[in-house]
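> Structure below; questions to follow.
The values are calculated or read from the model by the stated rules, or taken from the named source; none is laboratory data. In this text the structure is predicted, and so the values were computed from the model without any measurement. Please note: Cβ atoms are built from the backbone with ideal geometry, for glycine as well, and neighbour counts cover all protein chains shown.
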Amino acid sequence: MPFTKLQHELDARDAQGLLRRRRTLDSAQGVRITVDGKAYLSFCSNDYLGLANHPQLIAALRQGAQQFGAGSGASHLVSGHFRAHQTLEQAFAEFVGKPEALSFSTGYMANLGAVQALVGRGDTVFADKLNHASLNDAMLLSRAEVKRYRHNDAAHLAQLLSQAQSGRKLIISDAVFSMDGDIAPVPELLALCEKHDAWLLLDDAHGFGVLGEQGRGVMSHFRLTSPRIIYMATLGKAAGVSGAFVAAEAVVIDTLLQTARSYIYTTASPPALSVALQASLQLMSAEEWRRERLQQLIRQLREGLRGLPWALMESSTPIQPLLVGSNEAALGLSDSLRARGIWVPAIRPPTVPLGTARLRITLSAAHEGTDVAELIGALHELAR
């Protein structure tokens, strides 16, 4: 039976500490959650600004559903493009300082659509080795030649770019790396684009809402702009809802609308989500205290975890990875925290390189200093 081989593969994953398991939330997303019937203090959500359960977003979602219904009913190019979608795309473009924007159902679909629409056979994609899986899949499916450069190594990238002789050149990189929490050297990447006549696609899934003035993202963080930048951000993390958008020059957005398969051949997201996201943009813009709170909590955590046998990786973002090493040790530490009512996930290969299993601690503006102190105390107790 073919199922026997599948079961052997699953058993092998389990033996290596790599088997993934889902846990079921019985509450809304937040700092205090209920999972499989048990209460936890959570440090594992990407809800960085604490907006996922915000009453204004819930009210906007309800109003959007009353006005536009529960579903979109069709793809954008058939009859599923609502006024709420259009208004939101215009708001996103203005928010991040780009001429136009196009909305996608997920960040994964946005990356697949953008990369495959812009490059193909005869072109070259240059990719950071620690990029998100969606960027990796997108470059492979594009059929362009792929060259991967060492993580955040602009000198290595320059060497690879100098070897490309013809075709379009596209550099793709996470803006904030989801498992390390560090920020890409965007000014250096953009300078290389200028020198070698390339595009730069930035996946700012974990920077949008967190970095820059009013949370406008990594371009604002570095105070730069360029028509060469194709900017993607997701809306289920700091924005607290769902979806993604790509913002770029009009000719790029028009090209995506015509040729991005993950945009053309899928049902549009419910327009009510776009109404909720408009409320999210307003909160992100107006409430700077959320980003200030995050920075306070980051400082508190980093100071409090000094002296542990596990190294806290360098990061100035809400993603604070605690490097443990083996899969078994990371799982054991995560389980020990869970037994104390604290939920921090263990991240293992292939999501991270072999031998670098870690706890991925994520902070939210909804956390209090006492929450962080509780986590710090538990980790020091477990270290003893």
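> For the range 331-384: of the residues being of a type in the set (D, E, K, R) and surrounded by fewer than 21 Cβ atoms within 10 Å (Cβ to Cβ), which is farthest from residue 238 (Cα to Cα)?
It comes out as 384.
> Please find, within the range 293-322, the residue that is farthest from the chain's Cα centre (by Cα) out of those that are at pLDDT 95 or above and of a type in the set (Gly, Ala, Ser).
Of everything passing the filter in the range 293-322, 304 is farthest from the chain's Cα centre (by Cα).
> Right, another one. Looking at 35, 96, 115 in this structure, which one is surrounded by 13 or more Cβ atoms within 10 Å (Cβ to Cβ), β-branched (Val, Ile, Thr), over 30 Å from residue 146 (Cβ atoms) and in contact (Cβ under 8 Å) with a residue 60 or more places away in the chain?
35
> Is it fair to say residue 225 is of a type in the set (Ser, Thr, Tyr), part of a helix (DSSP H, G or I) and farther than 28 Å from residue 353 by Cα?
no
> Considering the range 121-153 alone, what residues qualify as being of a type in the set (A, V, I, L, M) and surrounded by fewer than 17 Cβ atoms within 10 Å (Cβ to Cβ)?
Across the range 121-153, the qualifying residues are 133, 140, 141, 146.
> Sticking with this one: Please tell me if residue 227 is touching an Asp or Glu at 6+ places or on another chain (Cβ under 8 Å) and either under 19 Å from residue 135 (Cα atoms) or not aliphatic (A, V, I, L, M) (or both).
Criteria met by residue 227.
> Still on this model: Looking at the range 254-269, can you tell me whether even one residue there is in contact with a His (Cβ under 7 Å, 6 or more places away or on another chain), surrounded by fewer than 24 Cβ atoms within 10 Å (Cβ to Cβ) and touching a residue at least 40 places away in the same chain (Cβ under 8 Å)?
Scanning the range 254-269, I find no residue that is in contact with a His (Cβ under 7 Å, 6 or more places away or on another chain), surrounded by fewer than 24 Cβ atoms within 10 Å (Cβ to Cβ) and touching a residue at least 40 places away in the same chain (Cβ under 8 Å), so the answer is no.
> Shifting gears a bit: Where in the range 237-299 are there helices (runs of 4 or more DSSP H), lying wholly inside it, with at least 1 residues that are more than 22 Å from residue 141 (Cβ to Cβ) and assigned by TED's automatic domain parsing to the domain that holds residue 81?
Output list reads 250-259, 271-286.
> Also, quick follow-up: From the list 14, 47, 26, which one is buried (at least 18 other Cβ atoms within 10 Å of the Cβ), of a type in the set (Asp, Glu) and under 30 Å from residue 341 (Cβ atoms)?
47
> Quick check on the range 188-205: of everything there that is in a loop (DSSP other than H, G, I, E, B) and touching a residue at least 60 places away in the same chain (Cβ under 8 Å), which residue is nearest to residue 130 (Cα to Cα)?
Result: 205.
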